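*Asks:* Let me give you the structure first, and then I'll get to my questions.
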Amino acid sequence: MSWSAVRTTPYGTARGTARPGGVATSDPSVVASGSGRIDVFVRGSDNALWHRSGDGAGTWKAWESLDGVLVGAPAAASCAPGHLDVFAQGTDRGLWQKSLNGTPWNVWTSLRGYWTGNPGAVCPPGGGGNVTLVERGPDLALWNTSTPGT
C-alpha cells in the first residue's frame, strides 16, 4: 500500500507515489468508471463540485469545476464504463444529480426532498443501470430510493 501525498510536518515525513492535489472542504468520493480510470469528486473551497480523473498509476488530469453550490460531500456512482453520476445536497437541502455519458457533463437536476446528511450512492448488481441512493431525513431515519443512472 502506498499513500498519495508527500508531506513534511513537525512529526516526520509521509511519502507516497502520486498526489491528486487540490483543496477539498469535504471528504472525497472515489469511483472506478472504467478499466484504468479513477474519478475523484470533492466540494472545493468555493463550495462547487470539483472532479479529477486519473489512471490509477499516478497520472492525473487537471481538476475541473462542475459548478453547483454544495453543503456537504458528494457521492458518485458508475453503473457502466464511462458513465458517471454524482449526487450532492444543495443549499435548498434537496438532493441534486450531475451526470456524464460521454461529453459534456449534463446540467444539475433536482431530485427534490429535504435531507440532513451527505448522500450515499451505489450501482447494485443487476440494477439495470439504476443508482440506489441512501440519505438521512429530518426525522433522522435513513431513506433510500432508486434513480436512473446515465
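*Asks:* When residues of region 86-105 are filtered for being crowded, with 22+ Cβ neighbours inside 10 Å and either closer than 14 Å to ARG52 by Cα or without any contact (Cβ under 8 Å) to a residue 24 or more places away in the chain (or both), how many remain?
*Replies:* So the count comes out to 1.
*Asks:* Suppose we filter SER45, SER33, SER110, SER26 for residues that are closer than 29 Å to PRO138 by Cα, buried (at least 17 other Cβ atoms within 10 Å of the Cβ) and of a type in the set (Ser, Thr, Tyr); which single one remains? First the steps, then the outcome.
*Replies:* Working: SER45 fails: buried (at least 17 other Cβ atoms within 10 Å of the Cβ); SER33 fails: closer than 29 Å to PRO138 by Cα; SER110 fails: buried (at least 17 other Cβ atoms within 10 Å of the Cβ).
Step by step, each of SER45, SER33, SER110, SER26 is checked, and only SER26 is closer than 29 Å to PRO138 by Cα, buried (at least 17 other Cβ atoms within 10 Å of the Cβ) and of a type in the set (Ser, Thr, Tyr).
*Asks:* Also: Which of the residues spanning region 33-65 are within 21 Å of GLY117 (Cα to Cα), more than 11 Å from the chain's Cα centre (by Cα) and of a type in the set (A, V, I, L, M)?
*Replies:* ALA48
*Asks:* So which residues in region 25-47 are touching a strand residue (DSSP E or B) at 6+ places or on another chain (Cβ under 7 Å) and either basic (Lys, Arg) or outside any loop (DSSP other than H, G, I, E, B) (or both)?
*Replies:* The initial filter retains those residues of region 25-47 that are touching a strand residue (DSSP E or B) at 6+ places or on another chain (Cβ under 7 Å), namely 25-26, 28-33, 37-44, 47.
Matches in region 25-47: SER29, VAL30, VAL31, ALA32, SER33, ARG37, ILE38, ASP39, VAL40, PHE41, VAL42, ARG43.
*Asks:* Also, I was wondering about something else. Identify, from the list THR132, THR145, the residue that is part of a strand (DSSP E or B), touching a Pro at 6+ places or on another chain (Cβ under 8 Å) and of a type outside the set (A, V, I, L, M). Steps first, answer last, please.
*Replies:* Numbers: THR145 fails: touching a Pro at 6+ places or on another chain (Cβ under 8 Å).
The conditions single out THR132.
Computed from the coordinates by the stated procedures, all read-outs in this text should not be read as laboratory data. These figures come from a predicted structure and were not determined experimentally. Counting neighbours? That spans all protein chains shown, and the Cβs are built from the backbone with ideal geometry, glycine included.
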